[in-house]
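> Quick one: structure below, then a few questions.
Just so it is clear, none of the values below were taken in a lab; they were calculated from the coordinates. Here the structure is a predicted model, which is why all the values come from computation and not from measurement. Cβ placement follows ideal geometry from the backbone for every residue including glycine, while neighbour counts extend to all protein chains displayed.
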Amino acid sequence: MAENPRPSSPLFTHIDVSTHTTSEKQSLREQEALKDVVQQLVIAQDRQNELMEELIDQLGAAQRQRSAELVQWKQANPRLARDCRNAAETLGKVQSIFLEAVTEEINQNADDLMDGEFVLNEFVDRFGPRLAHLNGVLQVLSQLSANEQT
């Protein structure tokens, strides 16, 4: 006859020898460290905001100066400003015709452009510089001929 062993309590139990004050002190230290990190982040963010505002002010000042110079130039050269406007309109039409030719060339040779580096280089050499220069001249003429409502 086997005896049913009685449930016995374990010989060893978990004993917490630390006091609550120690864990509270550690928790307070962690909270203070976290508070310091957050304060440093806020200070860094404030400094970054100040630098961004300075940058915006500088860029805005340069833009305002350029705009004022354009207005002065247009006032000093009203006939040339009108001629620039007419030239920009004409060159805009030329640009549209040129872009039609470019897009037609692309559409006709799409597979070759995608598959062959040589064909792509030839296309860029043929149309790239002309398009870049045309856009640059058109941009200058447009800026010089823009209305004085800036």
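> Could you give the nm distance between label points at S27 and R66, where each point is 7 Å from its Cα heading toward the beta carbon?
Distance between label points: 5.9 nm.
> Does the range 78-150 come out rounded, prolate or oblate, given a ≥ b ≥ c as the square roots of the eigenvalues of its C-alpha gyration tensor, rounded meaning a/c under 1.5 and, failing that, prolate meaning a/b above b/c? Please list the in-between numbers first.
On the way: a/c = 3.95, a/b = 3.09, b/c = 1.28.
Prolate, because a/c is 1.5 or more and a/b exceeds b/c.
> Label points 7 Å out from Cα along the Cβ direction at L134 and Q40: separation in nm?
It is 5.8 nm.
> Here is a further query. Would you work out which of L41, L59, A76 lies farthest towards the positive end of the dipole of the range 29-76? Charges go on Cβ: Lys and Arg +1, Asp and Glu -1.
A76
> Can you classify the range 29-76 as rounded, prolate or oblate using the Cα gyration tensor, where a ≥ b ≥ c are the square roots of its eigenvalues, rounded means a/c under 1.5, and otherwise it's prolate if a/b beats b/c and oblate if not?
prolate
> How would the range 21-130 be classified by its alpha-carbon gyration tensor: rounded, prolate or oblate, with rounded meaning a/c under 1.5 and the a/b versus b/c comparison settling the rest? Please report the intermediate quantities before stating the final value.
Numbers: a/c = 6.45, a/b = 1.76, b/c = 3.67.
Oblate is the answer for the range 21-130, as a/c is 1.5 or above yet b/c matches or exceeds a/b.
> From the phi of every residue in the range 111-128, what ³J(HN,Hα) in whole Hz does the Karplus formula 6.51 cos²θ - 1.76 cosθ + 1.60 yield, where θ is phi - 60° and glycine or proline is x?
5, 5, 5, 6, 8, x, 5, 4, 5, 5, 4, 4, 4, 5, 5, 6, 9, x
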